[in-house]
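One structure is given here, and the rest of the page talks about it.
The values are calculated or read from the model by the stated rules, or taken from the named source; none is laboratory data. Keep in mind that this is a model prediction, so the values were computed, not measured. Using ideal geometry, Cβ is built from the backbone for each residue, glycine included, and neighbour counts are taken over all protein chains shown.
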Amino acid sequence: MTETPAVRHSNPNLTWLRIIAVLLLLLLGLEIYRTIDAVMLSQTRNARVQKIQTVISNQQQMIDEIISDYHAAAYDNPSVERIAEQQLLAAEHTLLTLQMMALQNNQIIQLLANNP
């Protein structure tokens with residue numbers, strides 16, 4: 001007795017289900033990648049914000065010291081007797097403060113420019 005091999009007919013619905021399953025798995029993989037990328041980007045931004053806050057805090061302390069130095073030099077110094085001398089000291093300290101702020105802005109721009 002010879003048996004004829006059974007002919008296997010593929011169900012077209014089964015083929016479409018497999019294609020859909022593969023596409024859904026690819027979509028799931030893509031969403032996992034996007035989520036991981038978003039988390040990493042968020043961590044990078046948080047690190048940059050902390051660096052910027054540190055820079056601002058350090059620069060603010062330096063500016064406060066400059067202002068304290070100005071008050072000591074202009075008002076607590078008995079050798080400064082004229083308003084013109086106080087104005088000269090004010091201009092010098094203002095220039096120092098503006099230079100400090102320009103440096104601070106430059107550092108912030110550099111930190112933000114490294115955005116991936």
Exactly one of these conditions fails for residue 113: (1) surrounded by fewer than 10 Cβ atoms within 10 Å (Cβ to Cβ); (2) at pLDDT 85 or above. Give me its number. (2)
Unmet criterion (only one of (1) modelled with pLDDT under 80; (2) loosely packed, with under 13 Cβ neighbours inside 10 Å; (3) of a type outside the set (Lys, Arg)) for residue 98: (1)
Here are the criteria: (1) assigned to a helix (DSSP H, G or I); (2) surrounded by 13 or more Cβ atoms within 10 Å (Cβ to Cβ). Tell me which single one residue 84 does not satisfy. (2)
So, in the stretch 44-81, exactly how many residues are exposed (fewer than 13 other Cβ atoms within 10 Å of the Cβ) and charged (D, E, K, R)? 4
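Would you check if residue 41 is loosely packed, with under 13 Cβ neighbours inside 10 Å, part of a helix (DSSP H, G or I) and either in contact with a helix residue (DSSP H, G or I) (Cβ under 7 Å, 6 or more places away or on another chain) or in contact (Cβ under 8 Å) with a residue 24 or more places away in the chain (or both)? Reasoning before the result, please.
Numbers: loosely packed, with under 13 Cβ neighbours inside 10 Å: yes; part of a helix (DSSP H, G or I): yes; either in contact with a helix residue (DSSP H, G or I) (Cβ under 7 Å, 6 or more places away or on another chain) or in contact (Cβ under 8 Å) with a residue 24 or more places away in the chain (or both): yes.
So residue 41 fits the description; yes.
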